[in-house]
Amino acid sequence: VTSGRKSFGSDNHAGAHPAVLAALTIANAGDVPSYGDDPLTARVSTALAESLGTTPDRVYFVFNGTGANVIGLSLMLRPHEAAICPVGSHLDVDECGAAERVLGNKLLTVPAPDGKLTPELVRSRLNGLRDTHHVQPRVVAISQVTEVGTVYTLAELAELRRCCQEHGLLLYLDGARLANAAAALGCSLGAIAAHADVLSFGVTKNGALGAEAVIIMNPEVGEDARFRRKQLMQLGSKMRFIAAQFDAMLSDELWLHNAQHANAMARRLADNVADIPGIRLDQPAAANAVFAELPAELITALRQDWVFHTWDEDRNVVRWMTAFDTTPADVDQFVASIRANASAGVSG
Ligand SMILES: Cc1ncc(COP(=O)(O)O)c(C=O)c1O
């Protein structure tokens, strides 16, 4: 990052979109009521609720994605209940056990090589039902986009939802990259949200500074949500600034343009490295990340000049992630460097 080159490490490495900063400046004028009782929060909650297919009183702005996941799960789980989620999902490995510690609920993990749960995988964890000695599965927790950059089709979501209904389970959807998923599927946010009982929707990674929301789709869930948000330390006093970020992202569908662009940059990267000997895509580059297997020496060489994650040390899989502000020139410069290092490796 310090080299001035674009980071391919994470969409979180990117700054904020100028429209978001402009919206914050506008929201900064004057005094307004705190804790979400301001007119901007009311207006943006209504707009967001409309685009997702719920009501404004079921939209809860929060600071971050981990907090959104903890609150979302808290609305659906009693102490003896558990959430089924993929091994390696953000909830499983990247939230420092927040849900387990703060809520005290068990996560029932299932290996899912492409990051996606299926009805079959869900059913594989439905043992011990009604057995006093076992936690009781109650929630299926998925991410859309998944942790390995794949995207559930709407048909796959519908199938999972059916499976949940069949077994008395609720569906939680972690939408930290919901915009990228909707852009990839060419569908509305609401078309995805419709399959969830509760979801999060994050815009931080898509050009905001720090703005996420917990959204309740099932009216039978989440009666206590406003208390949970406060108790779980996610109620912002100066709420207007979270609302302002969503306002900017919803205006002129900035969320969609940013996500389409980030996805297109990942596609460009994936397509342009496809013919380089020794490189194999580990997952389809469905959204804004490319997961690829490379020779170990090539990873080491690229790391001298570029920022990215080695995703799986044992299998030499890297994650290259693009953002709303990744340019075609950034991608082309990175590809040229990959190509040059790969051919140096081959000839040397
Ligand atoms: C799938 C997913 N969920 C949630 C989050 C949110 O995490 P944070 O608490 O860092 O905002 C992330 C961030 O990387 C993520 O990738």
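Things worth noting here:
- Residue match in the range 1-16 (condition: outside any loop (DSSP other than H, G, I, E, B), over 24 Å from the mean Cα position of the chain (by Cα) and surrounded by 12 or more Cβ atoms within 10 Å (Cβ to Cβ)): no
- Subset of the range 302-341 that is among the small types (Gly, Ala, Ser) and surrounded by fewer than 21 Cβ atoms within 10 Å (Cβ to Cβ) - its residue that is farthest from VAL148 (Cα to Cα): ALA340
- For first residues located in the range 139-163 and of a type in the set (Ser, Thr, Tyr), partners that are more than 16 Å from the ligand (Cβ to nearest atom) and lie 6+ apart or on another chain with Cβ distances below 8 Å form the pairs THR150/PRO284; TYR152/LEU160; THR153/LEU185.
- Verdict on ALA259 being assigned to a helix (DSSP H, G or I) and either crowded, with 24+ Cβ neighbours inside 10 Å or touching a Pro at 6+ places or on another chain (Cβ under 8 Å) (or both): yes
- Any chance ALA141 is within 11 Å of the ligand (Cβ to nearest atom), assigned to a loop (DSSP other than H, G, I, E, B), crowded, with 24+ Cβ neighbours inside 10 Å and under 15 Å from the mean Cα position of the chain (by Cα): no
- Residue within the range 60-77 that is assigned to a loop (DSSP other than H, G, I, E, B) and closer than 19 Å to ALA211 by Cα present: yes
- So ILE216, is it of a type in the set (A, V, I, L, M, F, W, C) and away from the ligand (no atom under 14 Å from the Cβ): yes
- Residue pairs whose Cβ atoms lie under 7 Å apart, sitting 6 or more positions apart in sequence or on different chains, and linking a residue in the range 92-108 that is farther than 23 Å from ASN127 by Cα to a partner that is among the hydrophobic types (A, V, I, L, M, F, W, C) and more than 15 Å from the ligand (Cβ to nearest atom), do not occur here.
- Just one of the listed residues (GLN245, GLN283, GLN234) is within 16 Å of the ligand (Cβ to nearest atom), at pLDDT below 95 and over 19 Å from THR326 (Cα atoms), namely GLN283.
- Scanning the range 48-59 for residues that are over 20 Å from VAL139 (Cβ atoms) and in a helix (DSSP H, G or I), we see that the one that is nearest to the ligand (Cβ to nearest atom) is LEU48.
- Test: GLU297 is over 16 Å from SER45 (Cβ atoms) and without any contact (Cβ under 8 Å) to a residue 24 or more places away in the chain: no
- Failed condition for PHE227, given (1) more than 16 Å from the ligand (Cβ to nearest atom); (2) in contact with a helix residue (DSSP H, G or I) (Cβ under 9 Å, 6 or more places away or on another chain); (3) not β-branched (Val, Ile, Thr): (2)
The values are calculated or read from the model by the stated rules, or taken from the named source; none is laboratory data. Keep in mind that what you see is a predicted model, and the values were worked out from it rather than measured. Glycine also receives a Cβ, built like all others from the backbone with ideal geometry; neighbour counts cover every protein chain displayed.
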